[in-house]
Number of protein chains: 2
Amino acid sequence: MTALPLIDPQTFETLKDALRAALPEAAVITNPDRLAALLAEERALFEGNATFAVAPATTEELSIAARLCHAHGVPMVPQGGNTGLVGGAVAKGGEVLISMTRMNRIRAVDPVNYTMTVEAGAVLADIQNAAAAEGCLFPLSLGAEGSCTIGGNIASNAGGIGVLKYGNARELTLGLEVVLPDGRIWNGMRPLLKDNSGFALKHLFIGSEGSVGFVTAAILKLFPAPAEVQTAFCALPSPEAALGLLSLARRLSGDQVTAFELLSDFACGIVCDHAGGVFPLSERAPWYAVVELSTSREGSDLREVFETILEQGFENGLIEDAVVAETLDQRDRLWALRERTPEAQKRAGGSIKHDISVPVSDIPAFIAEATQAVENYMPGIHPCAFGHVGDGNVHFNFTQPDGMDKQAFLEHWDPINEIVYPIAMSFNGSISAEHGVGLLKADEISAYRPEIETELNHRLKAALDPAGLMNPGKFVGNVKSQNQS
Amino acid sequence: MTALPLIDPQTFETLKDALRAALPEAAVITNPDRLAALLAEERALFEGNATFAVAPATTEELSIAARLCHAHGVPMVPQGGNTGLVGGAVAKGGEVLISMTRMNRIRAVDPVNYTMTVEAGAVLADIQNAAAAEGCLFPLSLGAEGSCTIGGNIASNAGGIGVLKYGNARELTLGLEVVLPDGRIWNGMRPLLKDNSGFALKHLFIGSEGSVGFVTAAILKLFPAPAEVQTAFCALPSPEAALGLLSLARRLSGDQVTAFELLSDFACGIVCDHAGGVFPLSERAPWYAVVELSTSREGSDLREVFETILEQGFENGLIEDAVVAETLDQRDRLWALRERTPEAQKRAGGSIKHDISVPVSDIPAFIAEATQAVENYMPGIHPCAFGHVGDGNVHFNFTQPDGMDKQAFLEHWDPINEIVYPIAMSFNGSISAEHGVGLLKADEISAYRPEIETELNHRLKAALDPAGLMNPGKFVGNVKSQNQS
């Protein structure tokens, strides 16, 4: 990766003084402890570095800060809850880190229009709760929801477990407010379902990982709150059976499947061994699915529908055994088997991870082929696949062979990526399904997409961030800025 | 509007010869009758002009054609079914018209993956039928479906009656193949629900009205086919009551409302008077809604659910009277009251039309305020509002006062736009909800959006079509090309 443009330390000092003069005291962070928290990175894959950070409380404060950074030619790194898995929010020492966490108000919930208006730093779980308090559902849901921010979710087009039914963060974002790299504000806060009055600007900023601007506020799409939820844990003979069960469940329920998560027996086992999981069936099976149906209708026959799905699943040989949660507590315990997989992987030794998506119908073939190829490369490695099979997204992970040294194992990260990625691409898939590109994949992403696509990405980056100041070196990789060319 | 760059007639001749030499004979159209059909425009608002057209049969042929046009510096106008309402597919005499209608194959339907692969020129109704033949639903549905093409639907991000539940063309498009202005092909045909590996390129091309490239093929999202559909025609006291009924129906049905269309008594009346509509209730009311619930579940209790919704609607004063269709034929007759409104408006005299969207909860206030303002301007004018209230989109149209001269009435198009548009914008709405910008609104769109948004639109246009050759003068209005600057 090319080094960041070097900024003279004196420029940083001058900029810091200018920021202090222009902003309230609380907006410029120099306290080493507070700074350290913003620089630590989830998986410790990257080392953060910055001498100060800016934490604006309002869009206007951010606008002022960006204008000053722009005027001084200093790059900026936006950061939400700092929970990302690809280093997209890591400051490398040549930029100003801008934390969005103080802009965390939930401005309004409108249950008639099924929308809510939030600031970028609002925590996802707080948003879910505010929607629920008005009888609505904000369906975005993922592991980090207790601390990730909606701005980060939007900037990374977060996925999670509700995508099958409700879409990614992209589909849930109606309006957007953005501070551009030069500090100007684009107000795209239109709570409209239909608006064809120009390029889809919001879609450029959604999922662009802070590479062309700061998401500062959003209007989100809500749904009627579920009145009834039914959750089952099913033992399956194969990923093929999971697809069959998904199809059956969608058809028989009237398309009310709101989650369909797959996990391998190894993944389930480490959750039971290392993360407090309780196995709910009498016998182990090669694969499991957590299946959830829900409806906003009171007094529905969802439970009977679920029983019919499971009966037909047994009859067709798609299911070996199953349990339906009878209480909320049981439901939580079933979900824990899936949700604690990342935590269990951490405790079970070194992990090498992939965030793959392939067409839903190709999941079984992809898993079979890629597992075989990696096992050929490293006999004894533990495939630990799990994920959102309903939307084609497999977290195709591996845990180290028993007794191997963790560091020695992790040195195989790149070679194993290089085995898995071409197989994903041969299925017309993506090597960056929902976690994003960030620093982790900024260089390799170009190798796995057509050259013309990289060129279009670079043209867009140059059009929207001509000075190359937003989150440099990430997402689209290194692009010559117009200033440099 | 600035004139198109003038192209020397000799250049057209040279280009025509080059196209004839490079393409099969059928791909270059000079026959005046065939040309006339491509140049005629739906509402006769614009006059088309071209000495020849190109109709490629494959992506490769289009790629060759675009490369030649690009090399000769001649602008191109893509055209699908030529059913657009804003002149987006009109050639003005300085461009090569490129008809996509020969690229009309349905390449594949995959009912496991819930996707299908189609070429741009495939007719929407043929796509719906091909999906249905595999037990699936392609939910995009609009008046012109018998002749409009999916490429045009995608290029204009078409809406229609299924948006409330299924989204616009944008949400239904998973993968895209595009021929760029210089003739190169971008293959974004990935049938993935999750893919965060760069800017959302497909969203730039979707809804961009052929201003930065040709949509040549797409992978579309399918849904389980409905096993049961229930349709009601409800008499309502007011648009407010429509919102209350929509909310009630979403909640009580478990969010299975697949259409919710509003029409005024005037709109209903002209359909009965001029377009064969049969009024199904005993008494007229100020407003009506066509409400449809559907489910893919066999043997559901959808009919009982609908009865409950209607009962509660009566009790709450939201509904004055209602009829639920008992047969497919009855259902068609109820739908005709809404669907034939445009046809009836044509026969009832001059029409001045608006394609507005506002937040769903603001529809009643918008209708009230804008109706009053236009009636103040022209007493006796007939408000003829109808539309997709479930997604905030109102076709806020007017029919001429009784006895007025049609041409004299139509001269008030601009002044009446100028009354209605600021009111829509005061509700944070859009003046171009689903029909697009095209030629009709290319100039005025800039007046109704923030300057910074126009600038961003122009920067994107310049980044993706640096020579300014795609559909010039439309969509983003006139932009200085990089060649001209």
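What follows draws every value from the coordinates through simple rules; no lab data is involved. Since this is a predicted model, take the numbers as computed values, not measurements. All Cβ positions, glycine included, derive from the backbone under ideal geometry; neighbour counts span all protein chains shown.
Magnitude of the Cβ-charge dipole of the protein assembly as shown, K/R +1 and D/E -1, about the Cα centre, nearest 20 debye? Don't skip to the end; give the middle numbers.
Numbers: 70 positive and 118 negative charges, 409 e Å.
Computed charge dipole of the protein assembly as shown: roughly 1960 debye.
Report the Cα centroid-to-centroid distance between the stretch A:117-146 and the stretch A:418-456 in angstrom, as an integer. For the stretch A:117-146 versus the stretch A:418-456, the Cα centre distance is 30 Å. By a straight-distance test (C-alpha under 18 Å), which aspartates and glutamates pair with A:K165 as possible cross-link partners, with residues fewer than eight away in the same chain excluded? Reachable aspartates and glutamates: A:E228, A:D255, A:E261, A:E292, A:D391, A:E434, B:E171, B:D195, B:D255. For B:A40, inter-copy separations between label points set 7 Å beyond Cα along the Cβ vector come to 7.2 nm, shortest first.
Phi angles of the stretch A:287-292 translate, via the Karplus equation with coefficients 6.51, -1.76, 1.60 and θ = phi - 60°, into HN-Hα couplings of 9, 9, 10, 9, 10, 10 Hz per residue; Gly and Pro are given as x. Here is how far apart the B:A132 label points are across copies: 4.2 nm, shortest first, using a point 7 Å from Cα toward Cβ.
For A:K461, a cut-off of 22 angstrom between C-alpha atoms picks up these lysines, skipping any fewer than 8 places away in its own chain: A:K92, A:K202, A:K441, A:K474, A:K480, B:K194, B:K202, B:K461, B:K480.
Taking the centroid of alpha carbons for each part, the stretch B:302-364 and the stretch A:1-77 are 55 Å apart. Pairs of Cα atoms in chain A fall into 20 Å distance bins, from 0 up to the last occupied one, in shares of 23, 54, 22, 1 percent.
Based on the Kirkwood radius over alpha-carbon pairs, what is the Stokes-Einstein translational diffusion coefficient of the stretch B:106-224 at 4 °C with 1.567 mPa s viscosity, in µm²/s? Write down the numbers at each step before the final one.
Working: Rh = 14.1 Å.
So the translational diffusion coefficient is about 92 µm²/s.
Rounded to whole numbers, the Karplus 3J(HN,Hα) couplings from phi for the stretch A:274-283 are 10, 9, x, x, 10, 6, x, 10, 7, 10 Hz, using 6.51 cos²θ - 1.76 cosθ + 1.60 with θ = phi - 60°, and x at Gly and Pro.
Database remark: amide H of A:T295 closer than 5 angstrom to the amide H of A:A227, A:E228 (H placed geometrically; neighbours at sequence offset of 5 or more, or on other chains; Pro and chain starts carry no H). In this assembly of identical copies, the label point of A:A21 (Cα plus 7 Å along Cα-to-Cβ) is separated from its counterparts by 6.6 nm, sorted shortest first.
Provide B:L15, A:L174 in ascending order of the number of other Cβ atoms located within 10 Å of each residue's Cβ, fewest first.
Values: B:L15 21, A:L174 24.
Going from sparsest to densest Cβ surroundings: B:L15, A:L174.
Among B:L246, B:I29, A:F260, whose Cα sits farthest toward the positive end of the charge dipole of the protein assembly as shown (+1 at Cβ of Lys/Arg, -1 at Cβ of Asp/Glu, about the Cα centre)? Result: B:I29. Diffusion coefficient of the stretch B:383-485 by Stokes-Einstein, Kirkwood radius over Cα pairs, 20 °C, 1.002 mPa s: 135 µm²/s. The stretch between B:D402 and B:D443, if pulled fully straight at 0.36 nm per residue, gains 11.6 nm over its current Cα-Cα span.
Placing unit charges on the Cβ atoms of the charged side chains and taking the dipole of chain B about its Cα centre, the candidate lying farthest along the positive direction among B:I98, B:H395, B:G160 is B:I98. Of the residues A:F386, B:C272, A:V74, the one whose Cα sits farthest toward the positive end of the charge dipole of the protein assembly as shown, with +1 on the Cβ of Lys and Arg and -1 on the Cβ of Asp and Glu, is A:V74. Over the stretch B:183-284, the hull volume per residue, using the convex hull of the C-alpha atoms, is 231 Å³.
Cα-based values for the stretch A:39-80, radius of gyration first and Dmax second, are 12.3, 34 Å.
The charge dipole of chain A, taken about the Cα centre with unit charges on the Cβ atoms of Lys, Arg (+1) and Asp, Glu (-1), comes to about 1420 debye, rounded to the nearest 20. Once the convex hull of all Cα atoms in the stretch B:349-426 is built, its volume per residue stands at 73 Å³.
Does the stretch B:217-275 classify as rounded, prolate or oblate by the C-alpha gyration tensor (a ≥ b ≥ c root eigenvalues; a/c under 1.5 gives rounded; else a/b over b/c gives prolate, otherwise oblate)?
Numbers: a/c = 2.36, a/b = 1.39, b/c = 1.70.
Taking the square roots of the gyration eigenvalues as a ≥ b ≥ c, the stretch B:217-275 is oblate.
Under the convention that each Lys and Arg Cβ holds +1 and each Asp and Glu Cβ holds -1, the size of the dipole of the stretch A:188-303 around its Cα centre is about 540 debye.
Assuming a ≥ b ≥ c are the square roots of the Cα gyration tensor eigenvalues, decide whether the stretch A:9-102 counts as rounded (a/c under 1.5), prolate (otherwise, with a/b larger than b/c) or oblate.
Numbers: a/c = 1.78, a/b = 1.51, b/c = 1.18.
Prolate is the answer for the stretch A:9-102, as a/c is 1.5 or above and a/b outweighs b/c.
Taking 20 Å as the straight-line reach from the Cα of B:K346, the lysines in range (excluding those fewer than 8 positions away in the same chain) are B:K406.
For the protein assembly as shown, taking the reciprocal of the average inverse distance between every pair of different Cα atoms yields a Kirkwood hydrodynamic radius of 29.3 Å. Kirkwood radius for the stretch B:228-338, taken over all pairs of different Cα atoms as the inverse mean of 1/r, rounds to 13.9 Å.
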